[in-house]
Amino acid sequence: MEKNTMKDLPLQERPYELCITEGPEKLTDAQLLAVIIRTGSRNANALELASEILALNFPEGGLLRLMHLTRDELLSYEGIGKVKTVQMLCIGELSRRIWKKGKFAGLRQKAFQDPADIAAYCMEDMRHLEQEQVRGLYFDTKQKLLRDVVLSTGTVNSAVISPREIFKQALQCGCVSLVLVHNHPSGDPSPSKEDKMLTLRVKAAGEILGISLLDHIIIGDTRYISLLNEGML
């Protein structure tokens with residue numbers, strides 16, 4: 001049986017032509033992605049391939065997942081080679097940056113008021129990560145963000161970090177306080193014994209240096225836990 005190609009679709013249903021005649025706002029998510037993919041594989045046209053990619057491990061919102069697809073995940077699809085993979089990875093990164101710029105425009109000039117602000121700031125960057133990542137957010141006397149640094153990237157269930165690495169960044173930027181943020185790839189933000197021990201060590205080191213650890217926030221999948229709110233700081 002001959003496979004269905006994009007040219008077999010009626011002209012008004014082809015994503016590229018529809019974009020020209022109606023504008024990109026009229027296209028579905030899959031149609032927009034199909035325009036980028038352009039060609040499919042021997043077994044699926046570009047539109048079918050786009051729909052399959054958007055459904056990958058994320059049935060409740062493929063566009064968000066698109067921002068976090070890995071190179072290997074994309075290359076696993078017939079019809080997605082190195083060039084298309086690079087293009088799609090760049091689209092995902094652009095989307096993430098546009099989202100963050102829009103949502104947090106001017107935030108570096110404003111004070112972070114509570115753990116919810118910091119969790120929201122880090123959530124989309126961290127909730128889909130497949131390894132634990134530790135970030136340090138460093139603040140001035142008015143609680144304005146001076147520096148946002150990835151301090152460590154580890155395995156699926158651990159990320160090794162020492163107070164020395166954390167406070168090296170703090171001293172470089174001249175901050176007076178900091179917040180640690182790390183993710184749990186499992187999606188469950190409940191703090192481990194190691195998380196609690198690290199928090200206490202960093203707090204103690206900060207008291208010696210005169211730099212306050214304001215909070216340690218753990219990011220899960222659309223959830224977070226603030227160790228400050230939990231009474232652990």
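The values are calculated or read from the model by the stated rules, or taken from the named source; none is laboratory data. Just so you know, these numbers come straight off a predicted model, no measurement behind them. Reconstructed Cβ throughout: ideal geometry from the backbone, glycine too, with neighbour counts over all protein chains shown. Just the protein is used for accessible areas: all its heavy atoms, side chains included, with ligands, DNA and RNA removed. Shrake-Rupley method; radii C 1.70, N 1.55, O 1.52, S 1.80 Å.
General observations
- Selection within region 107-119: residues that are at pLDDT 75 or above and assigned to a helix (DSSP H, G or I). The member of this set that is farthest from R147 (Cα to Cα) is A116.
- Here region 177-202 is the region considered, the condition is being surrounded by 14 or more Cβ atoms within 10 Å (Cβ to Cβ) and over 19 Å from S162 (Cα atoms), and the residue that is modelled with the lowest pLDDT is P185.
- Residue within region 203-218 that is within 30 Å of D72 (Cβ to Cβ) and surrounded by 16 or more Cβ atoms within 10 Å (Cβ to Cβ) present: yes
- The number of residues in region 8-37 that are touching a Lys or Arg at 6+ places or on another chain (Cβ under 7 Å) and either closer than 16 Å to Q87 by Cα or among the aromatic types (F, W, Y) (or both) comes to 1.
- For region 95-106, the count of residues that are modelled with pLDDT under 80 and more than 21 Å from H128 (Cβ to Cβ) is nonzero.
- Of all residues in region 219-229 being open to solvent by 20 Å² or more (accessible area, probe 1.4 Å) and within 22 Å of the chain's Cα centre (by Cα), the one that is farthest from D125 (Cα to Cα): I225
- Qualifying residue in region 155-176 (condition: among the polar types (S, T, N, Q) and either under 17 Å from S226 (Cα atoms) or surrounded by 21 or more Cβ atoms within 10 Å (Cβ to Cβ) (or both)): no
- Within region 68-88, the set of residues being more than 14 Å from D125 (Cα to Cα) and of a type in the set (A, V, I, L, M, F, W, C) comprises L74, L75, I80, V83, V86, M88.
- Taken over region 56-74, residues that are modelled with pLDDT under 75 and out of contact with any Lys or Arg (no Cβ under 8 Å at 6 or more places or on another chain) amount to 10.
- Positions within region 120-154 being surrounded by fewer than 18 Cβ atoms within 10 Å (Cβ to Cβ) and either assigned to a loop (DSSP other than H, G, I, E, B) or at pLDDT below 85 (or both), in sequence order: L129, E130, Q131, D140, T141, K142, Q143, G154
- Selection status of Y77, among the aromatic types (F, W, Y), at pLDDT 75 or above and not in a helix (DSSP H, G or I): yes
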